Amino acid sequence: MGTISPAKTAGYCLILGPIIALICFFLQPGGVLGIGGSPEALDFAEGMRIQVENSELGIITSFLITLGLVSLLSGQMYYIQSMQDGNGFGIGRVAIPFFFVAVFGWVIANAIGISTASEVLQSTDILALSAAINTTSLFSFGVGGLFLALAASTRDEVNKNITYVAGIAAVVVFVLSFVGAFAPDQSNSLQAIAGLCFIIYSIWSILIGRAIISK
């Protein structure tokens with residue numbers, strides 16, 4: 001088997017990671033597409049019922065979201081490191097811990113989802129905790145995304161206008177985390193808006209991945 005360069009590996013992570021995570025995010029039971037049902041924002045008992053009744057899909061999507069997010073994080077870390085001795089590195093480095101915290105939080109939330117779907121955890125309070133973790137992760141990802149967009153805007157890997165749009169999407173995600181914290185009853189609407197922002201961010205990530213691979 002031939003050796004694959006770190007650049008190409010990172011590029012593929014930036015392309016495939018967000019695609020996998022985004023598709024599975026939309027396919028999660030009780031999520032944006034309402035597969036299995038659409039519970040009210042604070043109706044954790046109904047959310048638990050939907051997860052248990054659609055346990056196979058819930059478990060698979062949780063595992064795949066984790067795979068996609070960790071792959072994305074790996075690609076982001078390489079991209080930021082590649083800025084060393086060039087434009088944007090100082091700002092880009094600030095993004096790394098925020099991305100790490102966001103992905104770690106979402107991995108924990110996915111673990112809770114798997115345990116809920118398999119009926120290992122049966123308390124609705126745990127879903128409330130998962131929602132809080134998701135909100136904190138959303139905040140951290142928004143901050144990281146903004147710093148990375150600021151760093152990337154000083155470089156030429158992708159069109160700067162697309163980078164600016166990705167930066168705006170990161171700011172929206174940042175704001176959504178605050179709205180979700182102070183108005184948790186609006187979480188369903190916020191989740192849909194966050195999904196749109198992640199689509200924009202994923203497109204940007206794919207373009208960066210393609211640029212890295214083509215070098």
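Select, from 37, 17, the only residue that is at positive phi and of a type outside the set (A, V, I, L, M). None of the others qualify; the one that does is 37.
Looking at region 37-53, is at least one residue over 24 Å from residue 192 (Cβ atoms) and among the polar types (S, T, N, Q)? Explain how you work it out, then say what you get.
Taking region 37-53 and keeping what is over 24 Å from residue 192 (Cβ atoms), we get none.
Within region 37-53, none of the residues are over 24 Å from residue 192 (Cβ atoms) and among the polar types (S, T, N, Q).
I'd like to check something: does region 26-35 contain any residue that is without any contact (Cβ under 8 Å) to a residue 24 or more places away in the chain and farther than 21 Å from residue 199 by Cβ? No - not one qualifying residue is present in region 26-35. Would you check if residue 185 is surrounded by fewer than 17 Cβ atoms within 10 Å (Cβ to Cβ), at pLDDT below 95 and in a helix (DSSP H, G or I)? For residue 185, the condition - surrounded by fewer than 17 Cβ atoms within 10 Å (Cβ to Cβ), at pLDDT below 95 and in a helix (DSSP H, G or I) - is met.
Name every residue in region 150-179 that is without any contact (Cβ under 8 Å) to a residue 40 or more places away in the chain and of a type in the set (A, V, I, L, M), in order of residue number.
Applying the first criterion (without any contact (Cβ under 8 Å) to a residue 40 or more places away in the chain) to region 150-179 yields 156, 160-161, 164-176, 178-179.
165, 166, 168, 169, 170, 171, 172, 173, 175, 176, 179 - these are the residues of region 150-179 that are without any contact (Cβ under 8 Å) to a residue 40 or more places away in the chain and of a type in the set (A, V, I, L, M).
So that you can scan it fast, the table gives a plain yes or no per residue for (1) surrounded by fewer than 18 Cβ atoms within 10 Å (Cβ to Cβ); (2) touching a Ser or Thr at 6+ places or on another chain (Cβ under 8 Å); (3) part of a loop (DSSP other than H, G, I, E, B); (4) among the polar types (S, T, N, Q):
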position: 80; (1), (2), (3), (4): no, no, no, no
position: 93; (1), (2), (3), (4): yes, no, no, no
position: 115; (1), (2), (3), (4): yes, no, no, yes
position: 121; (1), (2), (3), (4): no, yes, yes, no
position: 143; (1), (2), (3), (4): no, no, no, no
position: 148; (1), (2), (3), (4): no, no, no, no
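The values are calculated or read from the model by the stated rules, or taken from the named source; none is laboratory data. Note that the coordinates shown come from a computational prediction; the quantities given were computed from them, not determined experimentally. When we count neighbours, we look across all protein chains shown, and the Cβ atoms used for this are built from the backbone with ideal geometry, even at glycine.
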